[in-house]
Amino acid sequence: MVSVELQNIVKKYRNVTAVDNVSFKVDHGEFFVLLGPSGCGKTTTLRIIAGLETPDSGRVLFDGRDVTNVPAKNRNIGMVFQSYAVWPHMKVYDNIALPLQIKKLSREEIEKRVKAAAQMVNIAHLLDRYPFQLSGGEKQRVAVARALAFEPNILLMDEPLSNLDALLRVQARAELVKLQKELKITTIYVTHDQTEAMVLADRVAVMNKGRIMQIGTPDEIYNRP
Ligand code: ADP
Ligand code: ADP
């Protein structure tokens, strides 16, 4: 569990300023939501934190340490995307295990972590299945389990529930809150859904056109005149 700080991050693509002087700090174990309309720069901000994009200027700090030029693979981050990103030709077990195999952990350690992560998201009984044998919600759990098994310092989630139907989404939300409170992983969660932000966030940053407009608890943001 680490803190994440962005200092004056700028990222341009040709004539578009995707991220325009963004600064915020996410505390240890905090559930931080980046909320804003499509195209406002949320995903780009997340990718900069992950090390998948390099900012044009500004700094990224983990626990006060400058990681702006540290490659993604050395940042110990778990990511969950909107598209469940499960590999169709692999069983659930292997889907969760692959990043750990790449990390060259021992077989025993991998098995332990895969089973523990599967348990956390209630898919322990599905480890032998292929993705085509799963529902959307179950696939989404596989993606979350894969991120958790990695035992990341930071969890980054990009609209992970947006492909689920409304009822499942409400249920998944509640489960995510519970899980995050138990694990206390520093989490940065991207969404354009205000309700989702309200329910999940310790604090919300409202983004528009590459800028942070407001930062506060859901209560501060929605109940202030
Ligand atoms: P959001 O996640 O809020 O939908 P993004 O961070 O994906 O927003 O995009 C912010 C802006 O940057 C948009 O105008 C988008 O079109 C642009 N953008 C994002 N990635 C690229 C890219 N790789 N090349 C060019 N423009 C991009
Ligand atoms: P968005 O739809 O929010 O813009 P994408 O689905 O395009 O996000 O994913 C962002 C990037 O991350 C893409 O370049 C994609 O190839 C990569 N990516 C997607 N899933 C994974 C994953 N599970 N692990 C690592 N990288 C991934």
statement: Checking rank on 136-145, 23-32, with mean other Cβ inside 10 Å and highest first, the result is 136-145, 23-32
query: With axes computed from alpha carbons, what is the tilt in degrees of helix 166-183 against the longest principal axis of the chain, rounded to the nearest 10 within 0 to 90?
result: 90 degrees
message: Apply the Karplus curve 6.51 cos²θ - 1.76 cosθ + 1.60, θ = phi - 60°, to the phi angles in segment 12-29 and return the couplings in whole Hz, x for Gly and Pro.
response: 10, 10, 6, 9, 9, 8, 6, 10, 10, 6, 8, 9, 6, 10, 10, 7, 3, x
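Under unit Cβ charges (Lys, Arg +1; Asp, Glu -1), what dipole magnitude, rounded to 20 debye, does segment 95-187 have relative to its Cα centre?
It comes to approximately 160 debye.
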- line: If one compares the long axis through the Cα atoms of helix 136-149 with the longest principal axis of the Cα atoms of the chain, the angle in degrees, nearest 10, works out at 80 degrees
- prompt: When only C-alpha pairs under 8 Å and at least 6 residues apart count, what is the relative contact order of segment 78-135, in percent?
  reply: 51 percent
task: Report the antiparallel proportion of the DSSP beta bridges in the chain as a percent, rounded to a multiple of 5.
output: 55 percent
For segment 79-147 and segment 170-191, distance of Cα centres in Å: 18 Å
- prompt: Label Ala116 and Leu61 with points 7 Å out from Cα along Cα→Cβ: what is the distance between them in nm?
  reply: 3.1 nm
message: In whole Hz and in residue order, list the ³J(HN,Hα) couplings for segment 66-77 that follow from phi through the Karplus curve 6.51 cos²θ - 1.76 cosθ + 1.60, θ = phi - 60°; x for Gly and Pro.
response: 6, 10, 3, 10, 7, x, 3, 5, 9, 9, 6, 10
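For the chain, what does -39500 (n - 2.57) per DSSP helix run (n ≥ 4), summed and divided by total residues, give at 222 nm, in deg cm²/dmol to the nearest 500?
Value at 222 nm, helices only: -10500 deg cm²/dmol.
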- request: Tell me which residues come under 5 Å, amide H to amide H, from Tyr189 once H is placed; ignore anything under 5 positions away on its chain.
  value: Phe32, Val33, Leu34, Met157
message: When a/c reaches 1.5 or more, the comparison of a/b and b/c decides; with that in mind, is segment 164-217 rounded, prolate or oblate per its Cα gyration tensor?
response: oblate
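Bear in mind these aren't lab numbers, they're just calculated from the coordinates by the rules spelled out. The model shown is predicted, which means the values in this text are computed figures rather than measured ones. Positions of Cβ are generated from backbone atoms using ideal geometry, with glycine treated the same way; all protein chains shown enter the neighbour counts.
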